[in-house]
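The values are calculated or read from the model by the stated rules, or taken from the named source; none is laboratory data. Every value quoted in this text rests on a predicted model; they were computed, and no experiment measured them. Using ideal geometry, Cβ is built from the backbone for each residue, glycine included, and neighbour counts are taken over all protein chains shown. All accessible areas refer to the heavy atoms of the entire protein, side chains included, with ligands and DNA or RNA removed. Shrake-Rupley method; radii C 1.70, N 1.55, O 1.52, S 1.80 Å.
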Amino acid sequence: MPLSATPYEERLTAPRSWWLMCFLVGVSMALILLPFGTLPTLGGLAGGTAAAAVVASSYGSVRIRVVGGHLIAGEARIPVSALGEAEVLDAEGARAWRGHKADPRCFMLLRAYIPGALRVDVTDPEDPTPYVFLSTRTPERLAQALHAARQNNTETPSNPAH
């Protein structure tokens with residue numbers, strides 16, 4: 001498999017209800033500026049909606065990818081060779097690992113509005129991070145992509161033709 005192939009990519013976009021809230025922020029700004037006239041009111045509607053939309057969009061722009069032998073989750077870039085087994089978590093399991101089961105040393109890419117998650121052990125003895133917790137809408141696909149990347153990563157170095 002070529003290094004440029006992406007077996008998995010997901011963008012953790014904000015839920016649809018947040019876009020309605022962005023509009024409501026604009027309406028609130030318009031109401032605040034209503035005593036100053038029509039033009040400031042319309043400016044408040046447009047500016048408040050746009051500002052809230054930028055915040056929602058930037059929060060929802062984080063991506064999870066498995067590419068080139070690495071798991072890239074937000075700002076983190078982890079070689080798949082440093083990862084162990086992945087555990088698919090349903091909504092209840094994810095809630096437990098976000099709460100009372102959580103280790104403060106773990107890396108979390110958390111989006112509470114996404115019910116499913118994947119917990120992957122970190123096997124690198126030099127890394128103090130015990131595991132990676134990733135909110136994802138398709139934890140089974142992500143686990144399969146990590147497994148495939150690990151298999152591909154272990155096969156490539158032993159091949160003398162490369």
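Within the stretch 30-122, list the GluC sites (Glu not before Pro) lying in a DSSP loop whose Cβ has at most 15 other Cβ atoms in a 10 Å radius.
Numbers: sites: GLU75, GLU85, GLU87, GLU92; in loops: GLU75.
Those that pass, being in a loop and sparsely packed, are GLU75.
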Original post:
LEU71's amide H: which non-local residues (gap 5+, or another chain) put their own amide H closer than 5 Å, with H modeled 1.01 Å from N in plane and none for Pro or chain starts?
Top reply: ILE78, VAL80
Subject >> Size of charge dipole - the stretch 12-107 - debye, nearest 20, with Cβ of Lys, Arg +1 and Asp, Glu -1, no other charges >> reply: 140
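Which translational diffusion coefficient, to the nearest whole µm²/s, is obtained for the chain from the Stokes-Einstein equation, given a Kirkwood hydrodynamic radius over C-alpha pairs, 4 °C and 1.567 mPa s? Before the final figure, lay out each step's value.
Values: Rh = 18.1 Å.
So the translational diffusion coefficient is about 72 µm²/s.
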Original post:
Of ALA76, PRO104, GLY60, which is farthest on the positive side of the dipole of the chain, counting Cα position, with +1 on Lys and Arg Cβ, -1 on Asp and Glu Cβ, and the Cα centre as origin?
Top reply: GLY60
Original post:
Taking the alpha-carbon set of the stretch 67-162, what are its Rg and Dmax in Å?
Top reply: 13.9, 49
Original post:
Using the heavy atoms of the protein chains alone and a 1.4 angstrom probe, what is the accessible area of the chain per residue in square angstrom?
Top reply: 58
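For the stretch 48-162, give the share of DSSP beta bridges that are antiparallel, in percent and rounded to the nearest 5; count only bridges with both residues there. It would help to have the intermediate numbers written out before the result.
Values: 18 of 21 bridges.
Of the beta bridges lying entirely in the stretch 48-162, close to 85 percent run antiparallel.
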**OP:** Apply the Karplus parameterisation 6.51 cos²θ - 1.76 cosθ + 1.60, with θ equal to phi minus 60°, to every residue of the stretch 116-121 and state each ³J(HN,Hα) to the nearest whole Hz, in sequence, with x for glycine and proline.
**Re:** x, 7, 10, 10, 10, 5
Original post:
Helices from the chain with mean Kyte-Doolittle at least -1.0 and a Cα length along the axis of 15 Å or more, per DSSP H: which?
Top reply: 16-33, 38-59
**OP:** Show the residues, 5+ positions off or on another chain, whose built amide H is closer than 5 Å to the amide H of LEU83.
**Re:** THR123
Original post:
Using the Cα atoms as the points, what is the convex hull volume per residue of the stretch 59-122 in Å³?
Top reply: 94
Original post:
What does the charge count near GLU87 come to, summing +1 for each Lys or Arg and -1 for each Asp or Glu among other residues with Cβ under 12 Å from its Cβ?
Top reply: -2
**OP:** Let me have the 222 nm mean residue ellipticity of the chain computed from DSSP H runs of 4+ only, each contributing -39500 (n - 2.57), with the sum over all residues rounded to the nearest 500.
**Re:** -14000 deg cm²/dmol
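Using +1 on the beta carbon of Lys and Arg, -1 on that of Asp and Glu, and nothing else charged, what's the dipole of the chain about the Cα centre, debye to 20?
Details: 14 positive and 14 negative charges, 115 e Å.
So the dipole magnitude of the chain works out to roughly 560 debye.
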